[in-house]
Amino acid sequence: MFSAKGGKVLTRILAIDPGSRITGFGIIDVDAKGKIKYVNSGCIRLPDDVLSVRLKNIYLNVQTLFAEYNPDEFAIEEVFLAKNANSALKLGQARGAAIVVAALNDVFVHEYSAKRVKQSVVGSGSADKLQVQQMVQLLLSLDKSPQADAADALAIALCHAHTRTASGLEYGTGKRALRNSGKRWTELDVRKIK
């Protein structure tokens, strides 16, 4: 989005938490000063059908999100090594379906590990889903906690926003790095930053 003078004032980020049964999405806007605003989030619930039909649904739904929200940047969780190779393969295919949409829309794909997302949002790479949901609700000033998959997608979007607005565009620099390592973020910490 552009100002009357032609300068970019908002960057829209679409983030995806891929899954072969439920795929979460989160959309936020970031202004030139790094202020973040919630736009939308939700879950793409996939039919109980063969994998090819589920992948098609991911592709079509993510394409609909691109058409409706016109994101400038796209972030997605990296594949993690699962104990079950079949599950990891399906997750990789779900990621691929979403990534293809970003590529076809000429939007660069930013990938983040689950640990990095949790560190960025909660302050601990071993945070559980409830902690992620609570911090996403707090950081985005939401009335209620988003569903787990939507919260995960919003956490990915927040991680990308924190990374892209930090000095040097690297995680661990800028104002969010002022927090001592090894300690969890609290509501007081978040208020100090805002």
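The values are calculated or read from the model by the stated rules, or taken from the named source; none is laboratory data. All figures in this text were calculated on a predicted structure; none of them were measured in a lab. Please note that ligands, DNA and RNA were not included when accessible areas were found on the heavy atoms of the full protein model with its side chains. Shrake-Rupley method; radii C 1.70, N 1.55, O 1.52, S 1.80 Å.
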Sequence of V50, V121 from largest to smallest accessible area, 1.4 Å probe: V50, V121
Return the sequence-ordered ³J(HN,Hα) values of the stretch 144-152 in whole Hz as given by the Karplus equation 6.51 cos²θ - 1.76 cosθ + 1.60 applied to θ = phi - 60°, using x for Gly and Pro. 9, 6, x, 4, 3, 5, 5, 4, 4
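Take R164, R21 and sort them by solvent-accessible surface of the protein heavy atoms, 1.4 Å probe, largest at the top. Spell out each step's value before the answer.
Numbers: R164 65, R21 120 Å².
Putting R164, R21 in descending order of accessible area: R21, R164.
Let a ≥ b ≥ c be the square roots of the eigenvalues of the Cα gyration tensor of the stretch 81-146; is it rounded (a/c under 1.5), or, if not, prolate (a/b larger than b/c) or oblate? Intermediate values should be presented prior to the final figure.
Details: a/c = 2.23, a/b = 1.40, b/c = 1.60.
Oblate, since a/c reaches 1.5 and b/c is not below a/b.
Counting only heavy atoms of protein chains, what accessible area per residue, in Å², does the stretch 1-142 have with a probe of 1.4 Å?
Values: 7400 Å² over 142 residues.
Each residue of the stretch 1-142 exposes 52 Å² on average to a 1.4 Å probe.
Using the structure shown, select from K35/K144; K33/K144; K56/K144; K33/K56; K90/K118; K37/K129 the pairs with a Cα to Cα distance greater than 28 angstrom. Mind dumping the intermediate values first?
Values: K35/K144 20 Å; K33/K144 26 Å; K56/K144 31 Å; K33/K56 38 Å; K90/K118 23 Å; K37/K129 22 Å.
The pairs that break the limit, which is 28 Å between Cα atoms, are K56/K144; K33/K56.
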Whether the stretch 70-118 is rounded, prolate or oblate, judged on the alpha carbon gyration tensor where a/c under 1.5 counts as rounded: oblate
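Of the accessible area of the stretch 107-163, with the probe set at 1.4 angstrom, what percent is carbon plus sulfur? Walk me through the intermediate numbers first.
On the way: 1140 of 2240 Å².
Heavy-atom surface of the stretch 107-163 belonging to carbon and sulfur, 1.4 Å probe: 51 percent.
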Calculate one ³J(HN,Hα) per residue across the stretch 26-31 by plugging θ = phi - 60° into the Karplus curve 6.51 cos²θ - 1.76 cosθ + 1.60, and present them in order as whole Hz with x for glycine and proline. x, 10, 9, 10, 10, 8
